[in-house]
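The values are calculated or read from the model by the stated rules, or taken from the named source; none is laboratory data. It should be emphasised that the depicted structure is a prediction, and the values quoted were computed from it without experimental measurement. Glycine gets a Cβ as well: all are built from the backbone with ideal geometry, and neighbour counts include every protein chain shown. Note: areas computed on protein heavy atoms with side chains; ligands, DNA, RNA excluded. Shrake-Rupley method; radii C 1.70, N 1.55, O 1.52, S 1.80 Å.
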Amino acid sequence: MKLKQLLKIVLINIYHNKMRTFLTTLGVIVGTATIFLVVAIGRGGEAQVNEQYSRLNVGTIMVMPAQRGRVLDPLTKEDAELFQASQNIKMAFPILNGSGSMKYGNYSSNASYYGILPAYLEANNLTINQGRFLDDTDESKRERVAVIGAGLAELLTDGNPTEILDKTLDLNRRKFVVVGILNRMGDSGSPQGFDDTAFIPYSAAERYLLGTRANPTINAIAEVNTVQAAIQDITTILNANHLRGGSEQFRILDAGSRLVAAQETARTMSLLLLSVAVVVLIVSGIGIMNVMFVTVKERTKEIGTLKAIGAKKREILGQFLIEAVVISLAGGILGVMIGGGMVPLLKYFEILAIPSLSGVLIGLLFSVTTGVFFGFYPAWQAADLNPIDALRYE
Amino acid sequence: MNNNGRCIIDARNIVKIYQTPYEELKVLDDISIKVMENDFTAILGPSGSGKSTLMNVLGCLDLPTMGEYFLDGVDILKAKDDQLADIRNNKIGFVFQKFNLLPRLSALQNVMLPLLYRGVEEDEAREIAKEKLSLLGLGDRLTHRPNELSGGQQQRVSIARAIVGNPPLLLADEPTGNLDSKSSKDAIEILKELNKEGNTIIVITHDNEVAEQTKKVVFIRDGRLSQEG
């Protein structure tokens, strides 16, 4: 029998068992939709990581104390100057980090602040929305001025950020004049992100807020291909300059590795979700197998008749296998469509999902594989029936 | 017996033994039978006589334990699975007691099936099937499904399916077993007519009245054949 006619008979059989077909297909629909969405969410996640880190210079090297809490031999501004002298390092600057209460008008918030040098702006690809950034005069004169992130500005002004410009911000009971507001940056891997942070001159942070508790980290910027050499230089300088513990008491991290790590986290997440989807499909495959077994039992007498009028083993096998594949493929197509329909819904819940052709293909491939794999045994059993046993079956 | 014609069935010393866990059942015991072209033979026997088993062996649905069987010159015992399927498709038309029509296919589709399994193009198969159904008075029932047809009509569809591929042998297993007396008569008349047109027919039955309508009767009892009852 020709494939076309076999397919026709299969479609007639499926058509006359609509409910059964639908129930069988349900698992495949869910499984395929899940796979499609997982692939889409995985892509979305990766895109988000890339987006978040796009503002982070991959040549950035962070040097920080290895221990939390009070440090006996902290990094200094001078360390940063020595780093900058290395030919492998374009720029190096110390950063002081602290947190405290920030008050403006009726609003207050606990937020972190950074004491920084003007070079910080460029090094972190930050851009100014309103006003200006900190400059060298602020630094040398220890001016009590601040530039704040877009998120923090909105928070303190109840959604009217420009209002805070040139006004006084109360930071740990010290008054700082807000001279600039940053554009919204998105999180860049720092614990709190730039958007919810205030930036003040390094010298001012040291003098007015931290005093002897000042325990800076240093960011050094190198070219991507000199990062490793720069890390070497930093280690050497630290060993020479911090005689008590040398470089051992500091952690040296480069942003490139962090990006890779974040990407891998996103990928691991997708894989995890994907494995869930595969489990769903396996379960639905067992469902298909069950239904196919029942179908074979139901139609045993018919199979006997078909064999009596000349159906070959492979034609019976083909018929039942095609039935399983058609059912699962139909489920797959429906699943992909439902998955596609869920993308805007996910967007509503702020989950970025990027549909892709590969997602469609992977989904369909899995659904058809499920159909073939779990449909094969019942189909083979049907084909292998002795014609006389099949005919006698009641 | 017409000894000048072509020999359709030549079965020699057929033995069929069923192995049960407790005993060996010899259902067919040294049966030899010859059927020539255009014969119309009844195999008559009570239930349990082995007539169904004989029909299955003659119909190539089951293989004998011992013996030789040539169907239209083909050595059945040497045939493989696929070849047996081809033989059933090309050489035999089955008419079943319970019609055995496929419930989800129309009368026309049911009759087309043997041709499709033979590889005939769909359009051609449809034309031939239509013709056979019209011949049997079902020209206006082509698209009906079996459950929309009476028993007599279903049996006529089943006969149409049996003859659609012009097989050299028609095997009818209790063809009137599930029919009322009028439909039974019709069915027998159809078989007689087909025989007149040159078809070779074997009817397996327990019913003397059916057997009387054929040209030749052989009796089967306890797995053995005899010419006398």
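DSSP finds beta bridges in the range A:74-241, and of those with both partners inside it, around 75 percent are antiparallel. Ranking B:209, B:23 by solvent-accessible area of protein heavy atoms (1.4 Å probe, all protein chains present), from largest to smallest, gives B:209, B:23. In chain A, taking the dipole from charged Cβ atoms about the Cα centre, the farthest positive-side position among A:34, A:117, A:346 is held by A:34. Ordered by solvent-accessible area of protein heavy atoms (1.4 Å probe), largest first, the residues A:337, A:1, A:342 come out as A:337, A:342, A:1.
Treating r as the C-beta distance of residue B:30 and residue A:373 and R0 as 45 Å, the FRET efficiency rounds to 0.40.
Under the convention that each Lys and Arg Cβ holds +1 and each Asp and Glu Cβ holds -1, the size of the dipole of chain A around its Cα centre is about 1620 debye.
Counting only residues at least eight positions apart within a chain, or on another chain, the aspartates and glutamates with an alpha carbon under 14 Å from that of residue A:2 are A:315, B:121, B:122, B:123, B:124. Placing pseudo-labels 7 Å out from each Cα toward the beta carbon at residue A:107 and residue B:227 gives an inter-label distance of 11.6 nm.
A simple spin-label model places the labels of residue B:134 and residue B:37 2.8 nm from each other, with each point 7 Å out along Cα-to-Cβ.
The aspartates and glutamates within cross-link reach of residue B:34, meaning a Cα-to-Cα straight distance under 17 Å and a gap of 8 or more places when in the same chain, are B:10, B:68, B:72, B:75, B:228.
When only the Cβ of Lys, Arg, Asp and Glu is charged (+1, +1, -1, -1), the dipole of chain B relative to its Cα centre reaches about 160 debye. Accessible surface for residue A:185 stands near 10 Å², nearest 10, in the context of the full protein assembly shown (1.4 Å probe).
Mean partner shielding of peptide B:84-96, defined as the number of other chain Cβ atoms within 10 Å of each residue Cβ, is 4. Among the protein heavy atoms, those of residue A:117 account for about 30 Å² of accessible surface (1.4 Å probe, every chain in place). Multiplying the residue separation of residue A:50 and residue A:71 by 0.36 nm and subtracting their alpha-carbon distance yields 4.1 nm. Considering only A:229, A:82, A:64, and ranking their Cα positions along the charge dipole of the protein assembly as shown that arises from unit charges at the beta-carbon of Lys, Arg, Asp and Glu, the one farthest toward the positive end is A:64. Per-residue mean of foreign Cβ neighbours for B:98-104 is 5 (Cβ atoms of other chains, 10 Å radius). Computed with every protein chain present, the accessible area of residue A:43 is close to 120 Å² [probe 1.4 Å].
Restricting the count to DSSP beta bridges whose residues both fall in the protein assembly as shown, what percent are antiparallel, rounded to a multiple of 5? Within the protein assembly as shown, antiparallel bridges account for around 65 percent of the total. Given R0 = 45 Å, the distance between the Cβ atoms of residue A:232 and residue A:283 translates into a calculated FRET efficiency of 0.25.
Could you work out the relative contact order of the range A:74-241? I mean the mean sequence separation of Cα pairs under 8 Å and 6+ apart, divided by the number of residues, in percent.
Numbers: 352 pairs, mean separation 56.4, N = 168.
For the range A:74-241, the relative contact order is 34 percent.
Modelled label positions at residue A:365 and residue A:166, each set 7 Å beyond Cα in the direction of Cβ, lie 6.2 nm from each other.
From the helices alone, meaning DSSP H stretches of at least four residues, give me the mean residue ellipticity at 222 nm for chain A, per-run term -39500 (n - 2.57), in deg cm²/dmol to the nearest 500.
It lands at -18500 deg cm²/dmol.
Look at the stretch A:378-389: the mean tally of other chain Cβ atoms within 10 Å of its residues' Cβ atoms is 2. For the range A:74-241, the solvent-accessible area works out to 45 Å² per residue, with a probe of 1.4 Å and every protein chain left in place. Here r is the Cβ-Cβ distance between residue A:272 and residue A:18 and R0 is 35 Å; the resulting FRET efficiency, rounded to 0.05, is 0.45. Ordered by solvent-accessible area of protein heavy atoms (1.4 Å probe), largest first, the residues B:219, A:349 come out as A:349, B:219.
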